[in-house]
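Worksheet for the structure shown next.
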Amino acid sequence: MTAPLLDVKDLRVSFGGKEVVHGVDFSIGAGEKLALVGESGSGKTVTALSLLRLVHNAHITGKAEFAGRDLLGLPERELLGVRGREIAMIFQEPMTALNPLYTVGNQIAEVLQLKESLSRQQAHQAAIGLLADTGIPEPERRADAYPHQLSGGQRQRAMIAMALACRPKLLLADEPTTALDVTLRGQILGLLGDLQQRYGMAVLMITHDLNLVRKFADRVAVMEDGWLVEQGSVAHVFSNPQHPYTRKLIESRPARELEEAPAKGAEPVMRATDLRVKYAIPIAGIRGWFKKDEFVAVKNAGFAIAPGRTLGVVGESGSGKSTLALAALGLIPFGGQIEVVGRRWGPDAAGNKAIRRLVQVVFQDPFSSLSPRMTVEEIVGEGLLVHEPGLPLPQRRERVIQALADVGLREAQFPGLLQRYPHEFSGGQRQRLAIARALIVQPELLVLDEPTSALDVTIQKQVLRLLQKLQKEKKLSYLLITHDVDVIRAMAHDVMVMKDGDIVESGPVLQVLDAPRDEYTRTLVAAAS
């Protein structure tokens, strides 16, 4: 048998004397695709970065033999020659990985000038060719664009072009599709597979997306708390997982546990008619001094949400779904009409305040939506100060404790719970705090804006199960905004598919997802399968 391209043995990584990666062993053959899988904090990204000694203040031991050399023992000067030329890396979020002050063409050309000693003109032409290889339209024009002028998918393609500039033997891809819409994920995955075959390189994919692993990888290695608990071929591990943690990951797909029968004759909690949202945009030239053009983000949408039911709104970034949610919350001007339990959003601030109690929101990222300076008691009880200002402190505290208990957070489990701060909780626990904050004013409708997309798959399943339980117990209605078709299938009774501000298809969720009529819906469903 030929020797592997990369052979890692007894890799250990420590910070300040505390070991976070414990004796990891794995190998990658030339041209092979290995997926390193695990939840946040499992050690998968630290493991990959340690191979190139890119982890700051880390003590790294073990061996990482690459093409006959130990990467962990190479002098820094020799390792500089390996980074980018023989082993390249794609990072998770291209907007933060790319320099905002340089065009993407200049950033790709810089790699070629440093690593391949090309002239400035040669490097620029090569950069355009690399962008063309990744399928970016008009590569000559895009090469002169800055990162903020490209879409998310185009930025990720530019990152891939930069990584492949020197035709590396090994590509480290750290969650390369997590920040992208579902259809873009499929495109980037297909692109990576095509380029991997064309260049004959090996790929180490770091991810928690099991659908991605099924479609892309040859072998999979599973990490939990810094330990490599299982590895083998994708077919074998997925069909016959041996470790409990692997089984837990595989079984973490959202499950549908809803009350299907609608309430007979019930008035809708929310009804929208001819909903239209538009924004003013500048016009180039002298005409722009006197008038503005307009961009229509939501075009004549109509929907109704019955008590105890969930309406899912699915679509890619830019489809208008988040704008629709802001209008439903009464946070932006809109045309048409929205009624909440028979009351209309309007210019009357006092009337709107009464409606706001009935419509609450849970945001995508609980860490940024919870104030780091407020305690749990202050965060969860804040709504009562607005809507029930005369409530005595003991009763307010009692309501806070009950709301926390409703979402599964209790003093017995978290001593000093009320006086803790958000940073003392995990991502899933912070999202439970956000749900408790919304529930405490006893709303009729929750607007859920991507409530699980920032969470790991097992935590996502827990939060979705909690939302299903609360809906059954409290007869809550949900307006669920997401790009995840699996979440829609598990949570929604009805669904609207949005594209470029239009509702292209709507109806009962299983009918729409199992037999989509519109081509765009078929594309979304196929990309998620």
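The values are calculated or read from the model by the stated rules, or taken from the named source; none is laboratory data. Since we're looking at a predicted model, the values are computed, not measured. In this analysis, Cβ positions are derived from the backbone assuming ideal geometry, glycine residues included, and neighbour counts consider all displayed protein chains. These area figures cover heavy atoms from the full protein model, side chains too; ligands, DNA and RNA do not enter into them. Shrake-Rupley method; radii C 1.70, N 1.55, O 1.52, S 1.80 Å.
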(Q) Within 10 Å of each candidate Cβ there may be at most 14 other Cβ atoms; applying that plus a DSSP loop requirement, which chymotrypsin sites (Phe, Trp or Tyr not before Pro) in segment 228-299 survive? (A) Phe290
(Q) Between His423 and Lys299, what's the calculated FRET efficiency when r is the beta-carbon distance and R0 is 45 Å? Round to 0.05. (A) 0.60
Q: Note the full-extension length gain between Asp518 and Lys292 as 0.36 nm times their separation in residues minus their Cα-Cα distance, in nm to one decimal.
A: 78.0 nm
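Would you work out what percent of the accessible area of the chain, with all protein chains in place, is carbon or sulfur (probe 1.4 Å)? If you can, show how the numbers build up before the last one.
Working: 12550 of 24260 Å².
C and S fraction of accessible area: 52 percent.
Grab the DSSP H runs of the chain that are 4 residues or longer, score each as -39,500 (n - 2.57), total them, divide by all residues and round the 222 nm result to the nearest 500 deg cm²/dmol.
Values: 21 runs with 203 residues, N = 529.
Here the helix-only value at 222 nm equals -11000 deg cm²/dmol.
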Q: Quick one: P(r) of segment 129-288 from all Cα-Cα pairs, 5 Å bins, percents rounded to integers, in order of increasing distance.
A: 1, 6, 13, 13, 13, 11, 10, 9, 8, 7, 5, 2, 1, 0
Q: Arrange the residues His387, His236 by how much accessible surface each exposes, largest first, with a 1.4 angstrom probe.
A: His236, His387
Q.
Taking 22 Å as R0, compute the FRET efficiency from the Cβ-Cβ separation of Asp144 and Thr96 and round it to 0.05.
A. 0.55
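What translational diffusion coefficient, to the nearest whole µm²/s, does segment 374-468 have by Stokes-Einstein, given a Kirkwood radius computed over alpha-carbon pairs, a temperature of 20 °C and 1.002 mPa s viscosity? If you can, show how the numbers build up before the last one.
Working: Rh = 13.8 Å.
Calculated translational D: 156 µm²/s.
Between the DSSP loop rule and a limit of at most 14 other Cβ atoms within 10 Å, which trypsin sites (Lys or Arg not before Pro) in segment 469-529 are left?
Values: sites: Lys469, Lys472, Lys474, Lys475, Arg489, Lys499, Arg517, Arg522; in loops: Lys475, Arg517.
Taking segment 469-529 and a limit of 14 other Cβ atoms within 10 Å, the loop trypsin sites (Lys or Arg not before Pro) found are Arg517.
Under a Cβ-only charge scheme (Lys and Arg +1, Asp and Glu -1), can you give me the dipole magnitude of the chain about the Cα centre, in debye to the nearest 20? Working shown, then result.
Numbers: 62 positive and 61 negative charges, 137 e Å.
Roughly 660 debye for the chain.
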Q. According to a simple spin-label model (label point 7 Å from Cα along Cα-to-Cβ), what is the distance in nm between Ala354 and His59?
A. 6.7
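Quick check: residue separation of Lys469 and Asp218 times 0.36 nm, minus the Cα distance between them. What number comes out in nm?
Details: separation 251, 0.36 × 251 = 90.36 nm, distance 3.83 nm.
Extending this stretch completely gives an extra 86.5 nm.
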Q: Output the Kirkwood hydrodynamic radius of segment 124-183, Cα pairs only, in Å rounded to one decimal.
A: 12.1
(Q) Could you tell me the relative contact order of the chain? Use alpha-carbon pairs under 8 Å, at least six residues apart, and round to a whole percent. (A) 15
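Kirkwood Rh and Cα-based Rg: tell me the resulting Rg over Rh for segment 1-108, rounded to two decimals. Write down the numbers at each step before the final one.
Values: Rg = 15.1 Å, Rh = 15.4 Å.
Here Rg/Rh amounts to 0.98.
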(Q) Not counting ligands, DNA or RNA, and with a 1.4 Å probe, what is Ile286's accessible surface area in Å² rounded to the nearest 10? (A) 110
Q. Measuring from the lowest to the highest alpha carbon on each principal axis, how far does segment 382-529 reach, largest first, in angstroms?
A. 56, 31, 27
Q: Would you mind working out the accessible area per residue for the chain, using a 1.4 Å probe, and quoting it in Å²?
A: 46
Q) In terms of the ratio Rg/(2.2 N^0.38 Å) built on C-alpha atoms, what value belongs to segment 50-161? A) 1.20
**Q.** Inverse of mean 1/r across different Cα pairs in segment 269-366, Kirkwood, Å
**A.** 15.1
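Give the calculated FRET efficiency between Ile281 and Gln337 to the nearest 0.05, with a Förster radius of 30 Å applied to their Cβ-Cβ distance.
Numbers: r = 25 Å, r/R0 = 0.84.
It comes out at approximately 0.75.
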Q. So what's the angle, to the nearest 10 degrees on a 0 to 90 scale, between helix 152-163 and the longest Cα principal axis of the chain?
A. 10
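How high is the relative contact order of segment 75-145, in percent, with contacts defined as C-alpha pairs under 8 Å that are six or more residues apart?
29
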Q) Rg and Dmax of the chain over Cα atoms: what are they, in angstrom? A) 25.6, 78
Q: Could you order Leu324, Leu331 by accessible surface area, starting with the largest, using a probe radius of 1.4 Å?
A: Leu331, Leu324
Q: Check each of the trypsin sites (Lys or Arg not before Pro) in segment 247-334 and keep only those in coil by DSSP with at most 15 other C-beta atoms within 10 angstrom; list them in order.
A: Arg256, Lys264, Lys291, Lys292
Q) In the full protein assembly as shown, how much of Glu230 is accessible to a 1.4 Å probe, in Å² to the nearest 10? A) 20
